[in-house]
There are 2 protein chains.
Amino acid sequence: MNLKRYLPILQWAPSYGRDQATSDLVAAVIVTVMLIPQSLAYALLAGLPAQVGLYASILPLVIYAVFGTSRTLSVGPVAVASLMTAAALAPLAEAGTAEYLAGAILLAVMSGLMLTLMGVLRLGFLANFLSHPVISGFITASGIVIAASQLKHLFGIQANGHNLLDIGHSLLVSLGNTNLPTLLIGGGALMFLLWSRRYLKPVLHRLGLAPRAADILTKTAPILAVLVTALVAWALRLDEQGVRLVDEVPSGLPSFTMPSLDLGLWSQLAVSALLISVVGFVESVSVGQTLAAKRRQRIDPDQELIGLGTANLGSGLSGGMPVTGGFSRSVVNFDAGAETPAAGAYTAVGIALATLFLTPAIAWLPQATLAATIIVAVITLIDLPALGRTFRYSRTDFGAMLATIVLTLAHSVEAGIIAGVALSIGLFLYRTSRPHSAVVGRVPGTEHFRNVLRHEVELCPKVTFLRVDESLYFANARFLEETVMDLVTREPELTDLVLVCPAVNLIDASALESLEAINERLRDAGVRLHFSEIKGPVMDRLKGTELLEHLGGRIFLSTYEAWQALTGRAAVAA
Amino acid sequence: MNLKRYLPILQWAPSYGRDQATSDLVAAVIVTVMLIPQSLAYALLAGLPAQVGLYASILPLVIYAVFGTSRTLSVGPVAVASLMTAAALAPLAEAGTAEYLAGAILLAVMSGLMLTLMGVLRLGFLANFLSHPVISGFITASGIVIAASQLKHLFGIQANGHNLLDIGHSLLVSLGNTNLPTLLIGGGALMFLLWSRRYLKPVLHRLGLAPRAADILTKTAPILAVLVTALVAWALRLDEQGVRLVDEVPSGLPSFTMPSLDLGLWSQLAVSALLISVVGFVESVSVGQTLAAKRRQRIDPDQELIGLGTANLGSGLSGGMPVTGGFSRSVVNFDAGAETPAAGAYTAVGIALATLFLTPAIAWLPQATLAATIIVAVITLIDLPALGRTFRYSRTDFGAMLATIVLTLAHSVEAGIIAGVALSIGLFLYRTSRPHSAVVGRVPGTEHFRNVLRHEVELCPKVTFLRVDESLYFANARFLEETVMDLVTREPELTDLVLVCPAVNLIDASALESLEAINERLRDAGVRLHFSEIKGPVMDRLKGTELLEHLGGRIFLSTYEAWQALTGRAAVAA
């Protein structure tokens, strides 16, 4: 049982049959065709040699097939993690140098170790600290930064920076150096890809293809752009016209790579590795859960950490970059009919064949084509309407989202995400620090109690019933003290105060101290403190505390019981 | 009205009469006698010249009388803030130098600016981030560190450090150099003070004093120790025996001091100033609230920030150290009958007289006596039983408390408090990230629904009712997704799922996204999602969201209504 949990392959491999193998193989062929340009492009985005993207799409897929719990997730390099990799390495080394590559490999290894450790310690809940508005804002802003960063390849100019301000500034400065052949190739590829996303499917459909086949074929349009532009570049010797091509790619499978053991480098990259890990994990789990639900399957987030962690370890140790479960590739895998993680392993074989036999052709590929595929891919990440939706739903969530977007665009991806997390935690605590509470009175003739401000209710001048609509904990304990003491100062006749607690799910030690303080202060002021409707688990804890020992009043099971006992009035028969 | 809020003196001064003046004057005399040794001692603890403690007990008291809302709080140097001051300044300068003094003055000014700004912006809720276990653990650990740091004065040896390990180590190394006359003076004073705390009151009582008079006189015992030991030191010329005395104290009132404008120093001290401000504010507010409640008065925490902030500004600008509302001095002020903040202003006059006329005598005071008064004062801060109480009540709160204590003792006061705050926020989020939820069924023959695991209830195999006992927000949104999908995977017959939400006080944007994802995944799995008992404010927000537009099922006001509609079964007449 336990072995099956840590090696999910044992859950499906023993009953793996010919039908599943056929489905998986078909899906693998389609995903391979889609992955080749994507892997090259994301390596370029991360500032790495093109083959690093291919290496990161071989061993990690095999490892995930063994340790991952999603049947259809496809792991490999993804856009946001590639941008984060580039941003993390920029201060350390020049892109293209050996130190830069060593840094990327170390990021994959560290991210692998962190994710695996978090999985073993069952720390998957840490990903919850990334609230949805923060993740959504972060991905939108990252998409914008990524698209902007690729414009230099489309124009054939130099530009750098890892935020919108720097990129925009350096683009404007060198726009005069635009290389026309590059712009034609890149612009053409971009146009074709944008057109194909919208119109290729209907066209194929009209040509007689089944809807599903048309859908899948549309998603492999980038390979067509890659093939055509490489052919054009080769035929016209475009490199002599100043069109930058993908550098010569070494042929052959990746080999074992020893990560750097420089402790200074480890500590410099630690925060980046953690952020890449957590962001990648969140993206991966949400894709995995969405796909699993469609077939009433499920994934285990803590085991997913181990699956992604070992995949990243495998990536780094075979000379690759950080990987995670990507959205578009997983959806293609799913739609193409993949049934088990074996599809991923077959895809790895496909990519391995590409590194063995396609590398001479890849050398002729214009970087502008890859930039176009990246831009088209990240446009789908940019979700500006989410800003409006979030604004309408909640101003506080919108605040966290906006801070994340602004800081990611204007400063850096890391600043954006850290500020977003800090702000969303702070705003949540602030929101619960002023909980809703209401003085309630009896709805005449019933056993029900309602807010005096909203309903016509019966009151008793000497007894006040205060309902608290939030768990009581350190952030709101003092607020409760203030609310209660305000009430007592305002009502000099008061002799009894009943705290009505049906929505109190937790009373922590701070709130307990506050309640003890309230009890003592009320006693000093000649008022007895009572409770009603305390939940079972909360009551279990309160037993044996000084609060109950020294309580001036009583604990009532129901508010009506308190009403009867303290006001001496019975309910009129309902 | 608004003027009265920002200048609370206007609330009481217009009706100030002779009776109140008499009460305030009596209290002021008693507090002055108590404050003289205390002020000197806390200056010593902070590594500052003795007169700085006196200066901090003049102008701040007058300013607090104008801006403070507590009638009986007494502000001035306190033990914990003095320790924090010493710890903050240690890396910057040698105690006794002009730079060190300038740092202390700047800390008071910065703390004053921060508190005033927080008050104007109404940011008093920030103090809530210091949970009770963290404050309690921090004060206990600070008390231990302070007591340990004073032992060197008792033994007349050199020792340094701002945590227990460093202090303990350097004490052990130089214990051989103990100065016997110093130990006799200091040990004698310590013994006398400890004895007087326990036995002086009964003795005075037996001598015929009224209980209240005996109580107050007992609290002024330190002044007796100070007088006697200073007299002995003068008579026996103990300075020639190696007994360290308080250095010569300049006579006269404090004068205006310009704080340092070195921006580097400002940024180095910013975190320390913030921590001193927040810790001081929390201590002050809790003392103030306790005393105010005894007379059915109240304090305004946001105005208290302004009161304490301006008091600190006054302290810094008149050459003093950080101040806050102290526990022991405020209780003495209250017990001695102070009725208005005018008592504080009279006390300021008393201390001012002391700086004018008592300074020649103070020069003869042995430092060991002051160390003894500090040790006796901080012993009351050390609350070890709180560890056991917190452990029994809540393991998570205990964890935050223990981390605070261990880090404060072993590393530094700042590390202790920062770790405690981070841990208590983290543990709270963790605790709410796995909320209690229960599948509920109908109590036969009623309209009530209870946990199936605890009660005999009716169920329906195709309809599951899931009650969630926590607000839904980013930290637990994914947990809910997992819980629901688990349920659906386990029950293949399921067609309807009802989320029962009476304890859901908030649904943030992350939880909304999760609910939308749950709704879609359930639809893919052929299950309809319904809600029941959504609270009014929560429902108001949900209106107009995509969740309600795309909801597979319905919204029911009561769970029983959902039961009737979905199971087709009516309740048996009750």
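Every number here is computed from the coordinates shown, using simple stated rules; none is lab data. Note that the structure is a prediction, hence the values are computed from the model and not measured. FYI the Cβ positions are ideal-geometry reconstructions off the backbone, even for glycines, and counts take in every protein chain you see.
Dipole size of the stretch B:216-306 about its Cα centre, with +1 on Lys/Arg Cβ and -1 on Asp/Glu Cβ: approximately 600 debye, rounded to the nearest 20. Calculated on the Cα set of chain B, radius of gyration then Dmax: 30.3, 99 Å. In chain B, which longest range has no GluC sites (Glu not before Pro) that are both DSSP loop (not H, G, I, E or B) and surrounded by at most 16 other Cβ atoms within 10 Å? Longest site-free region, per DSSP loop and neighbour criteria: B:249-446. Each label point was placed 7 Å from the Cα along the Cα-to-Cβ direction; for B:E561 and B:N177 their separation is 8.2 nm.
Shielding by partners for peptide B:475-484, expressed as the average number of C-beta atoms from other protein chains within 10 Å of each residue's C-beta, is 4. Along the axis of the charge dipole computed for the stretch A:250-326 (Cβ charges of +1 for Lys and Arg, -1 for Asp and Glu, origin at the Cα centre), the listed residues A:S255, A:Q297, A:I276 are led at the positive end by A:Q297. Between the amide H of B:D300 and those of B:T69, distances stay under 5 Å, these residues lying 5 or more places away or on another chain, with hydrogens modeled in the peptide plane. Summing Cβ point charges (Lys, Arg +1; Asp, Glu -1) relative to the Cα centre of the stretch A:437-567 gives a dipole of roughly 240 debye. The 3J(HN,Hα) values that the Karplus relation (6.51, -1.76, 1.60; θ = phi - 60°) gives for the stretch A:326-334 are, in residue order, x, 5, 5, 5, 5, 5, 4, 4, 5 Hz. Gly and Pro appear as x.
Rounded if a/c is under 1.5, else prolate if a/b is larger than b/c, else oblate: which is the stretch A:221-288, with a ≥ b ≥ c the root eigenvalues of its Cα gyration tensor?
Numbers: a/c = 2.72, a/b = 1.75, b/c = 1.55.
Prolate, because a/c is 1.5 or more and a/b exceeds b/c.
Distance between the C-alpha centres of the stretch A:113-168 and the stretch A:362-397: 11 Å, rounded to the whole angstrom.
Taking the alpha carbon gyration tensor of the stretch A:143-259, what are the square roots of 5 times its eigenvalues, largest first, to the nearest whole Å? Let's see the in-between values first.
Working: eigenvalues 170, 87, 63 Å².
Ellipsoid semi-axes (Å, largest first): 29, 21, 18.
Taking a quarter of the surface of the Cα convex hull of the protein assembly as shown gives a mean projected area of 53.7 nm².
For the stretch A:444-513, state which trypsin sites (Lys or Arg not before Pro) are in a DSSP loop and have at most 14 other beta carbons lying within 10 Å of their beta carbon. Mind showing how you got there, number by number?
On the way: sites: A:R450, A:R454, A:K462, A:R467, A:R478, A:R490; in loops: A:R454, A:K462.
Qualifying residues, ordered by number: A:R454, A:K462.
Placing a label point 7 Å from the Cα of B:A21 along the Cα-to-Cβ direction, the residues of the stretch B:40-71 whose backbone N falls under 20 Å from that point are B:62-63, B:65-66. With a sphere of radius 10 Å drawn around the Cβ of B:D335, what net charge do the other residues whose Cβ falls strictly inside it have (Lys, Arg +1; Asp, Glu -1)? Cβ neighbours under 10 Å give a net charge of +1.
For A:420-426, what's the mean count of beta carbons from other chains sitting within 10 Å of each residue's beta carbon? Don't skip to the answer; put the middle values down first.
Working: counts 0, 1, 0, 0, 6, 6, 3.
Partner-chain Cβ atoms within 10 Å, mean over residues of A:420-426: 2.
Between the beta carbons of B:E456 and A:V120, assuming R0 = 45 Å, the FRET efficiency works out to 0.65 to the nearest 0.05.
Have a look at B:I306, B:G288, B:L106 and report the one farthest towards the positive end of the charge dipole of the stretch B:26-385, computed about the Cα centre with Cβ charges (Lys/Arg +1, Asp/Glu -1). Most positive-ward Cα: B:G288. Considering the rotation that superimposes chain A on chain B, the residue of A whose beta-carbon lies nearest the axis, and that distance in Å, is A:A503, 3. The eigenvalues of the Cα gyration tensor, multiplied by 5 and square-rooted, give the stretch A:475-550 an equivalent ellipsoid with semi-axes of 21, 13, 12 Å from largest to smallest.
Label sites at A:D383 and B:V228, each approximated as a point 7 angstrom past Cα along Cα to Cβ, lie 7.6 nm apart. Straight-line cross-link reach from A:K201 at under 17 Å between alpha-carbon atoms covers these aspartates and glutamates, not counting any fewer than eight positions away in the same chain: A:D215, A:D335. For A:F556, the residues 5 or more places off, or on other chains, whose built amide H falls under 5 Å of its own are A:F531, A:S532, A:E533.
Quick one: dipole size for the protein assembly as shown, taken about the Cα centre, charges +1 on Lys/Arg Cβ and -1 on Asp/Glu Cβ, in debye to the nearest 20. Kindly include the intermediate steps, with their values, before the conclusion.
Working: 78 positive and 82 negative charges, 365 e Å.
Using only the charged Cβ atoms, the result is roughly 1760 debye.
Taking every residue in B:499-512, how many Cβ atoms of other protein chains lie within 10 Å of its Cβ, on average? Numbers along the way, then the final one.
Numbers: counts 0, 0, 0, 2, 8, 2, 11, 8, 2, 12, 17, 13, 3, 6.
If you average over the peptide's residues, the count of other-chain Cβ atoms is 6.
In order along the stretch B:283-291, phi translates into HN-Hα couplings of 4, 4, 5, 6, 5, x, 5, 4, 5 Hz, rounded to whole numbers, per the Karplus curve 6.51 cos²θ - 1.76 cosθ + 1.60 with θ = phi - 60° and x for Gly and Pro.
Shown here: the stretch A:257-392, whose C-alpha atoms stretch 48, 39, 33 Å along the first, second and third principal axes, sorted largest to smallest. The largest-to-smallest principal axis extents of the Cα set in the stretch A:437-567 are 37, 30, 26 Å.
Please list, by residue number, everything in the stretch A:43-87 whose backbone N is under 12 Å from a paramagnetic label point 7 Å out along Cα→Cβ of A:T97. Correct set: none at all. An oblate overall shape is assigned to the stretch B:201-339, the ratio a/c of its alpha-carbon gyration tensor axes (a ≥ b ≥ c) being 1.5 or greater and a/b not exceeding b/c.
Across the stretch B:269-277, computed HN-Hα scalar couplings (Karplus, 6.51 cos²θ - 1.76 cosθ + 1.60, θ = phi - 60°) run 9, 4, 5, 4, 4, 5, 5, 4, 4 Hz from first to last residue, x flagging Gly and Pro.
Decide, for the stretch B:16-124, between rounded, prolate and oblate: order the square roots of the alpha carbon gyration tensor eigenvalues as a ≥ b ≥ c, take rounded if a/c falls under 1.5, and otherwise choose prolate if a/b is larger than b/c, else oblate. Taking the square roots of the gyration eigenvalues as a ≥ b ≥ c, the stretch B:16-124 is oblate. Near A:I382, no amide H atom lies under 5 Å from its own; only residues 5 or more places off or on other chains count, and H is placed 1.01 Å from N.
Binning the alpha carbon pair distances of the stretch B:363-479 at 5 angstrom intervals from zero yields the distribution 2, 9, 11, 11, 11, 10, 9, 8, 7, 6, 5, 3, 2, 2, 1, 1, 1, 0, expressed in whole percent.
Distance from the C-alpha centroid of the stretch B:258-276 to that of the stretch B:18-45: 30 Å, rounded to the whole angstrom.
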